[in-house]
Amino acid sequence: MVRAGRLGGVTIPARIRAVHATIQSSMCRENETEVLERIGVAIDSGLLRKFDGLIQQRGYSNRSEAIRDLIRAELVNEVAQSPTSIVAGTVTLLYDHHVRLLTEKLTALKHDFQGTIVSTMHVHLDHQNCLEVLVLRGQSADVHRVADLMIATKGVKHGRLVVTTPVQEN
């Protein structure tokens with residue numbers, strides 16, 4: 001059974017209402033430089049329960065801040081997709097430092113890309129495993145290239161690149 005609702009004097013089926021977001025005319029001022037707009041979003045009740053559990057687990061004080069963070073994350077991803085965008089990121093590597101010539105190869109890559117690699121941190125996790133975190137900055141294509149080369153180096157057990165960029169919200 002599809003229940004209908006009313007929107008602006010027009011009867012709307014529940015399926016359409018479930019994906020329709022209504023921007024309300026009320027606006028809130030959080031501070032003098034930021035204007036917040038209040039919106040309404042229709043969400044399936046099961047999905048909303050799961051989202052509420054997630055935001056509680058992550059410590060958000062309300063749904064609005066969690067939704068703003070999701071939007072910001074998508075905007076950062078969109079900007080970072082452009083090869084010429086200026087980004088910053090971290091590459092985290094886990095590797096066995098006993099693998100023959102691995103540390104030398106990683107050091108050579110660091111020297112080759114010293115213009116993109118801003119900083120590094122090296123931690124001995126145990127007798128065999130090392131964790132290395134590199135901070136990178138530059139055009140997205142260059143940052144991804146350095147990360148790919150580091151992660152693909154034989155002997156690296158696991159690697160991940162996390163990229164961010166300032167997103168203009170206005």
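The values are calculated or read from the model by the stated rules, or taken from the named source; none is laboratory data. Source: prediction; values computed, not measured. Positions of Cβ are backbone-derived with ideal geometry, glycine not excepted, and every protein chain shown enters the neighbour counts.
Each residue in region 66-98 was checked for being more than 30 Å from LEU54 (Cβ to Cβ) and either surrounded by 17 or more Cβ atoms within 10 Å (Cβ to Cβ) or touching a Lys or Arg at 6+ places or on another chain (Cβ under 7 Å) (or both), and 2 pass. If you go through region 25-63 and keep only what is among the hydroxyl-bearing types (Ser, Thr, Tyr) and at pLDDT 90 or above, you end up with SER45, TYR60, SER61.
Can you name the residue in region 111-170 that is hydroxyl-bearing (Ser, Thr, Tyr) and in contact with a Lys or Arg (Cβ under 8 Å, 6 or more places away or on another chain) and is also nearest to GLU34 (Cα to Cα) among such residues? So, considering only residues that are hydroxyl-bearing (Ser, Thr, Tyr) and in contact with a Lys or Arg (Cβ under 8 Å, 6 or more places away or on another chain), the one nearest to GLU34 (Cα to Cα) is THR116. Considering region 42-52, and only residues there that are part of a helix (DSSP H, G or I) and among the charged types (D, E, K, R), the residue that is surrounded by the most Cβ atoms within 10 Å (Cβ to Cβ) turns out to be ASP52. Cβ separations smaller than 8 Å between residues 6+ apart or across chains give the following pairs from region 103-131 residues that are farther than 14 Å from ALA147 by Cα to residues that are of a type in the set (Asp, Glu): MET121/GLU132; HIS122/GLU132; VAL123/GLU132; GLN128/ASP96; ASN129/ASP96; CYS130/ASP96.
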